[in-house]
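Here the structure comes first, spelled out in structure tokens, and everything after it is commentary.
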Amino acid sequence: MSHATSAASNLPISRQTKQGLYVDPQALSAHLPALAYKDNALYIEDVSVKQLAQHYGTPCYVYSKQAILDMYQAYSDSFSALAHKVCYAVKANSNLAVLGVLAEAGAGFDIVSRGELMRVLAAGGKATSVVFSGVGKTHDDIEFALKQGIACFNVESQSELALINNVAARLDIRAPISLRVNPNVDAKTHPYISTGLKDNKFGIAHEKALSVYQQAASMTHIDIVGIDCHIGSQLTEVAPFIAALDKLIELVHSLQEQGIELHHIDLGGGLGVRYIDEMPASIAEFAQALLPKLQELNLTVFFEPGRSMVANAGVLLTRVDVLKPTAHKNFAIVDAAMNDLIRPALYQAKMAVIPETLPTHGLDTEGTQPWDIVGAICETGDFLAKERLLTLATDDILAITGAGAYGFTMSSNYNSRGRACEVMVSGDEHQLIRKRETLESLYANEMLWQKN
Ligand code: LLP
């Protein structure tokens, strides 16, 4: 089976009824690269979800190796006309196995902490293919990254620039930098994940960038190598990327007039994915729109995609523990919760929940009931999905799709719950890539107060 494309039709995947939202599991799986129903049972690549749930227990994150590689390849192919580097944004999914697969395929990495850099190195990635983003780099972060020889710091403020220069001077090396420009472009996404507006904490205002570049050019231990921006996440349209690129191009020309030549332009990440009904631009469409402008620039192009590389390569498997119909609402209490997957609670994100086994009454809403899929955590905000039309029984296994990005990496131990295990599938093989946390490990770093 080709995991890159399945026989997806353009028929609607979901239907909002008075009772709730029905997501057609078969239609959805046809749009997702690694999932398919075979004889009514859900498979990820060639491994049955039932087998995975039995073998590893639940909750459990499962990722398709092929789907990740296919997305990387789609970026590489779509921009093959240009010198380019895909620097995968580690924050989306930082499991060593995921990083290792991408490092082997030739990806670079976008990091935002020393911890992420250490992960990249531990997974076999090269520091020379790493760009370091983030608004709060510390002295120690900078020193570590410089010693490792990273490709570029994406600098977000003048004070960071001065700090990098000082640390580099002390180490007697030159620090390669880009300025992260805040182009004041509306990414038309959730306000928490919009980053390119002047009210956001990110980047250096477009109007100030030229003078900060001039300042950087006068610093003794700074090498200006690029220009960078990242305007937000889960963008479904190409227009905001173009608007940001236009502003960057203007700056590149102004810099050239000042004698400041760049090596690369970094367009950040942000391309959205289909969770249920979203119709984001494909990577190929994204490339088609940007390529003419980029080709004229004649710079190496960096991208920092996170979500679009891994979201739909992954699912979170969970088991129905308790069914609790009430006079007003039906609750299905599952063994995953907001500590495992916080996106629905934090961003009101709608993610699809599909059954491991298709119901015998066939597809569509017949025989279904509306269920709120909730965790066992003591908060009303602890929900994974609301008012979904499903046919449920206790012990059923459900898959929450689109969970490969910002799923495990945003998980916590709230309510003293151990974090889920992670599994990677390739063809008919599957491997544990992170053990389920033991409950003892949750307090292993803690000490009782000692009486004197
Ligand atoms: N580069 C920088 C500097 C970033 O801040 C981000 C994401 C990316 C790249 C990758 O963006 P992506 O391709 O994944 O959209 N937790 C949120 C998403 C936060 C995104 C933060 N920055 C969510 O679950 O929706």
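Quick notes on this one:
- Per-residue 3J(HN,Hα) values for region 223-237, derived from phi via the Karplus relation 6.51 cos²θ - 1.76 cosθ + 1.60 with θ = phi - 60°, read 10, 7, 10, x, 9, 9, 8, 8, 9, x, 10, 6, 7, 9, 10 Hz in sequence order (x marks Gly and Pro).
- The 3J(HN,Hα) values that the Karplus relation (6.51, -1.76, 1.60; θ = phi - 60°) gives for region 350-357 are, in residue order, 9, 10, 7, 10, 10, x, 5, 10 Hz. Gly and Pro appear as x.
- Ordering of 276-285, 170-179 by packing [mean C-beta count within 10 Å, highest first]: 170-179, 276-285
- Distance from the alpha carbon centroid of region 409-452 to that of region 45-114 works out to 21 angstrom.
- Sorting W371, W449 by the number of Cβ atoms found within 10 Å of their own Cβ, with the fewest placed first, yields W449, W371.
- If only the Cβ of Lys and Arg carry +1 and only the Cβ of Asp and Glu carry -1, the dipole of region 24-115 around its Cα centre is close to 320 debye.
- Per-peptide average of other Cβ atoms within 10 Å, ordering 236-243, 25-32 highest first: 25-32, 236-243
- With contributions of -39500 (n - 2.57) from each DSSP H run of at least four residues, the per-residue ellipticity at 222 nm computed over the chain stands at -8500 deg cm²/dmol.
- Beta bridges per DSSP, both residues in the chain: antiparallel share near 50 percent.
- Comparing Cα centroids, region 247-314 and region 173-246 end up 12 angstrom apart.
- Remark: region 107-250 carries a charge dipole of roughly 240 debye about the Cα centre, counting +1 on each Lys and Arg Cβ and -1 on each Asp and Glu Cβ.
- Potential lengthening between N452 and L121 on full extension [0.36 nm per residue; Cα-Cα distance subtracted]: 114.8 nm
- Database remark: amide H of F302 closer than 5 angstrom to the amide H of K85, I265, D266, L267 (H placed geometrically; neighbours at sequence offset of 5 or more, or on other chains; Pro and chain starts carry no H).
- Estimated dipole of the chain in Debye, rounded to 20 [Cβ of Lys and Arg +1, of Asp and Glu -1, Cα centre]: 700
- On Cα atoms only, tilt of 65-78 relative to the major axis of the chain in degrees: 40
- Note, ³J(HN,Hα) from phi for region 239-248, Karplus 6.51, -1.76, 1.60, rounded to Hz, x at Gly and Pro: 3, x, 5, 5, 4, 5, 4, 4, 5, 5
- Other-chain or far-sequence residues with amide H under 5 Å of V155's (modelled H): S178, L179, R180
- Counting only alpha carbon atoms, the long axis of helix 139-148 and the longest principal axis of the chain meet at about 80°.
- Against the chain, whose longest principal axis is taken from its Cα atoms, helix 206-217 shows a tilt of about 50°.
- Stokes-Einstein diffusion coefficient of the chain, Kirkwood radius over Cα pairs, 20 °C, 1.002 mPa s, in µm²/s: 93
- Interchain or long-range residues, amide H under 5 Å from R434's placed H: E422
Coordinate-derived values only; no laboratory data. Just so we're clear, the structure is a prediction, and the values are computed from it rather than from any experiment. Virtual Cβ from ideal backbone geometry, glycine too; neighbours counted across all protein chains shown.
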